[in-house]
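Taking it in order: structure first as structure tokens, then the write-up.
The values are calculated or read from the model by the stated rules, or taken from the named source; none is laboratory data. Keep in mind it's a predicted model, so treat the numbers as computed, not measured. Reconstructed Cβ throughout: ideal geometry from the backbone, glycine too, with neighbour counts over all protein chains shown. For accessibility, only protein heavy atoms count, side chains too; no ligands or nucleic acids. Shrake-Rupley method; radii C 1.70, N 1.55, O 1.52, S 1.80 Å.
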Amino acid sequence: MAITLPVLVFDGDCGFCTSVAHRIEERWPAKSSATTIASHDLDDRALDHLGLSRSQVEEAAWWVDTEGARGGEQ
């Protein structure tokens with residue numbers, strides 16, 4: 001799976017998280033390359049590519065860009 005950066009990784013099993021992620025995505029400028037992706041859509045190889053672990057994405061949302069992963073606030 002090719003992942004385009006920047007990306008917001010969120011808990012796709014959480015209705016609130018999904019709703020918020022989609023609202024954020026709707027407000028990005030039309031020319032933005034940023035995307036959102038549900039953590040359950042990422043396999044371990046994709047997570048490793050993003051510098052994240054399964055436990056990290058199960059506990060919090062993460063913003064990943066060319067400077068690395070940031071977030072994890074609960």
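Residues in region 40-74 that are assigned to a strand (DSSP E or B), under 10 Å from VAL9 (Cα atoms) and either of a type in the set (Val, Ile, Thr) or open to solvent by 70 Å² or more (accessible area, probe 1.4 Å) (or both): TRP63, VAL64. Checking the stated criteria, ASP13 turns out not to satisfy the condition of being touching a residue at least 40 places away in the same chain (Cβ under 8 Å) and of a type outside the set (Lys, Arg). Annotation: ILE37 fulfils all but one of (1) crowded, with 16+ Cβ neighbours inside 10 Å; (2) in a loop (DSSP other than H, G, I, E, B); (3) of a type in the set (A, V, I, L, M); the unmet one is (2). For first residues located in region 38-50 and among the hydroxyl-bearing types (Ser, Thr, Tyr), partners that are modelled with pLDDT of 95 or more and part of a strand (DSSP E or B) and lie 6+ apart or on another chain with Cβ distances below 6 Å form the pairs SER39/VAL9. Could you say whether any residue in region 19-31 is assigned to a loop (DSSP other than H, G, I, E, B), basic (Lys, Arg) and without any contact (Cβ under 8 Å) to a residue 24 or more places away in the chain? Checked against the condition, which is being assigned to a loop (DSSP other than H, G, I, E, B), basic (Lys, Arg) and without any contact (Cβ under 8 Å) to a residue 24 or more places away in the chain, region 19-31 yields at least one hit. Taken together, LEU50, LEU42 contain a single residue that is more than 17 Å from THR66 (Cβ to Cβ) and under 11 Å from the mean Cα position of the chain (by Cα), which is LEU42.
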